[in-house]
Every structure is written in structure tokens, then in C-alpha cells.
1. Quick check on the exposure proxy: order 331, 201 from fewest to most C-beta atoms within 10 angstrom.
2. Using packing as a proxy for protection, rank 154-166, 398-410 so that the peptide with the highest average count of other Cβ atoms within 10 Å comes first.
3. When the chain is treated as a GNM, springs tying every alpha-carbon pair under 10 Å, which of 347, 83, 239 comes out with the largest mean-square fluctuation?
4. Anyone know which of 388, 126, 412 comes out most mobile in the 10 Å Cα GNM of the chain?
5. Take 275, 61, 216, 411 and order them by how many other Cβ atoms sit within 10 Å, fewest up front.
6. With viscosity set to 0.890 mPa s at 25 °C, what whole-number translational diffusion coefficient in µm²/s follows for the chain from Stokes-Einstein and a Kirkwood radius over Cα pairs?
7. Can you tell me the length gained on complete extension of the stretch residue 319 to residue 285, counting 0.36 nm per residue apart and subtracting the Cα distance?
8. Taking the C-alpha atoms of region 272-425, how large are the radius of gyration and the largest Cα-Cα span, Dmax, in Å?
Ligand SMILES: NC(=O)c1ccc[n+]([C@@H]2O[C@H](COP(=O)([O-])OP(=O)(O)OC[C@H]3O[C@@H](n4cnc5c(N)ncnc54)[C@H](O)[C@@H]3O)[C@@H](O)[C@H]2O)c1
């Protein structure tokens, strides 16, 4: 194993896992041509020279490519996990050993360790924060106001983080620029929808090995993640029921051909429940009470509060692990409920997260968002900023080019037509 500098701090599970991590990182890179091009440019231009950067992210093979690209651009980058169960320990080891990037992340770390790692990230005195769920930024705002002067800005990866940033803005505490990566079209159209759709089912299948064909699957939330999950569940032959609180999303689900019910009516029918709402206690006591014996519940939303597991545990006579990442709660009423991945993001807890091909675009957005913040240092207003449309379009163009797909372009006549109002019937 390569010797690492004693000055390089880290908290990873086992550095001996590095060779496996290296091999898997290389494999993921095959499907990440857009980020590769950005990394090569960063290596030449060094846009982040002299800047301290913290990334709070799921430590996956794809995140490794983002970290490598940022380091190639000159950033003094440090990584922490954005969820206690989402770290791939071999990847964390390879980042330390092969790339000399400090990583503080271990799969299965407890909440206390997770919070301590957030503090370590802030001790790095970041000029840039890449956040996923807004834990680092929220801690900065609540506990380290004096460090905001060091900050050029932050980028946010996921819907839940954006919801929190909007709440900070409303409370007047978002006093620096934050780039909304989640809402870039080349992010949520693909990552939240197709990425979550495929990897959530992948996590469920790896954890349980159940046949999905013929099962009744209840998907809570018909946002981007819910749409992808429902679509893929139907593709595998399941009967899908959607629950929603937004009437427009509910109509969309109906017209996409799904049954839509309130959770209390779906609860007795479901064999498997998947929450993707970003909300809390979407499945709670009244729903557990009417579920079938052996119903399976899991979550693919950002935090582990979508299913009220505290209540479930309080009703359990016994909780036993029945397979890796799969626990059976034996209830006092004689029935049991199966929980996958402790109610945390099932696609990262029990599988490997999104496929590289979608993360290529998500992390291209992250890399270019960081560059945008740095190029516009001191010029951006405090608050939330969208990814510029040209950046979004360029990422899509590069992705199409990489997968060998050409599209039409407007003729001069068409350009004139769509820019005029004089031609009618
Ligand atoms: N698993 C992953 O890898 C992954 C990837 C991307 C996003 N996420 C997370 O997944 C969650 C959803 O993200 P999204 O982009 O789909 O968000 P979204 O806002 O597009 O969709 C959420 C949907 O849930 C609905 N909802 C809210 N409360 C509900 C309730 N009580 N019952 C039923 N429906 C309810 C909302 O009306 C909305 O339509 C967020 O927490 C996000 O951070 C996870």
C-alpha cells in the first residue's frame, strides 16, 4: 500500500480497502465523460488554486470523481459524509491513499460522529462548501457566524437542502450566495428521476431479493424522485399506488396511470412502501396499525424521518436483523413490519446510489457551480442563485455528444419565425 503523509488527516474505516475503491472509481469513470472533460480543463486552468473547499456528500465512486476534479483544479478539498449510511468505505480509503484527499466518513457512523465530522469540515475554514442536505451550511449559520467572512459561497445538491436554504433566506440568515444545483434541469430531471428510480429499486432488491412483479408498491410523493420510482416499479411488474398532498402532482400521477389514494387507504393494501417526500412521518402509527403482516417499508428521501421508526420501535417486542440492512420489527399485535436501511436513503444504504451516468451531469453542475462562485466572487448577491441556463445547456450538449446522439438545430427561417409575432393563421 502507498505510504500516506502523516500530515494527511482522515477517519476512514480501513485504508487497506483502497485498491478495491480505486478499481471501482475507475469503473465509474467510464460513464462520466462530461465531468472528465471538466476535470481536464480544471487541471490546466487551476481555477481553485489556494482555496479551501469542503464537500459534504455521499462518499461514492461518483463523488470521488468530483473530488478528484476539484483537486485537479487546485482546491484544498476535504470530504465528509452527508448521511451516516451512505459512505462506501473502499472509496473513502482510495481517496485518502491514492489522491491524498482528507476524508472523514465511515459507513454506519453514529449521529454523534456525523456531527463531529461536520465540525471537522468547518475547522477546515472553507471558502466553498458543497452541501447535500444543508447540514454543514446550517451548522455554519447557527454556530460559526464568524467564519462566514471566509466563505465565497455554497452549492446545494438536493431538494431537502434547497428547502432548508429557502427557510434560511426567509429568516434572513442566508447572508452569502448559494447555488441551487438541484434545480438545474440536467440535475433533477435525470438524477432525482432516473437515478433515484433505478437505485431505490436496486437497494430494495439487494436488501430483500423479493420479486417485485405482482406486488403492490406504495410510493409516497410524486415529485421527481417519486415519478422515477413509480415508473421503474411499474416496469418491473408491480401494481403501484401513489400518495400525495399536492393536487397537481396527484392528477399527474392519475394521468400517468397510477392509482392515487390517501396513505390510510393504501396502508392495508401495500406489500412494499417507499417514501420520497422530503417530509416527516409520512408513514406513522395509524398506518402501521392497518398494514399487512410482513409489509416492507423503506425511504429514499434525504432524512430518516419519513417513516416514524421511533413509534414502530416502541411497539416492537423484538427487532432482529433478517438480512444485511434489513430488520424485522415483531409487533405486539402479532404482525411484523420489515424495515430496510434503518429508514435512511435505501439506494445508498443497501446499494451504491445513483448510476454514474446520471451523476456525471449532477457533478458537472457541481463543478461548474463552484467555478461560477469563484469567478463571481464578491459580485453575487446573498441568497439562492440558479445554475445559469447556458451551463445547463452546455452540460446537456456535452452529454449528448459523449453518448453519440445528434439533434437538429434551428434554421434561420425558424429563428425568425419563433422570434416574431406577426405571422398567424
Ligand atoms: N435517494 C436519493 O438518492 C435522492 C436523490 C435526490 C433527492 N432525494 C431526496 O428525495 C426527497 C424528494 O425529492 P424530490 O426531488 O422528489 O422532491 P419534490 O419536491 O420534487 O417531490 C416531493 C413530493 O412529495 C410530496 N409530499 C410532501 N409531503 C407529502 C406527504 N405527507 N405525503 C405524500 N406526498 C408528500 C410533495 O407534494 C412533492 O410532490 C428529498 O428529500 C430529496 O432531497 C433523494
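Every number in this text was worked out from the coordinates using simple rules, so none of it is lab data. What you are looking at is a predicted structure, and each value in this text was computed from that prediction instead of being measured. With ideal geometry, Cβ positions are generated from the backbone for all residues, glycine too; neighbour counts draw on all protein chains shown.
1. Fewest to most other Cβ atoms nearby, the residues stand as 331, 201.
2. Output ranking for 154-166, 398-410: 154-166, 398-410.
3. In this elastic network of the chain, the residue with the biggest mean-square fluctuation among 347, 83, 239 is 239.
4. 412
5. Taking fewest neighbouring Cβ atoms as first place, the list is 411, 216, 61, 275.
6. 109 µm²/s
7. Fully extending the segment from residue 319 to residue 285 adds 10.6 nm.
8. 24.4, 74
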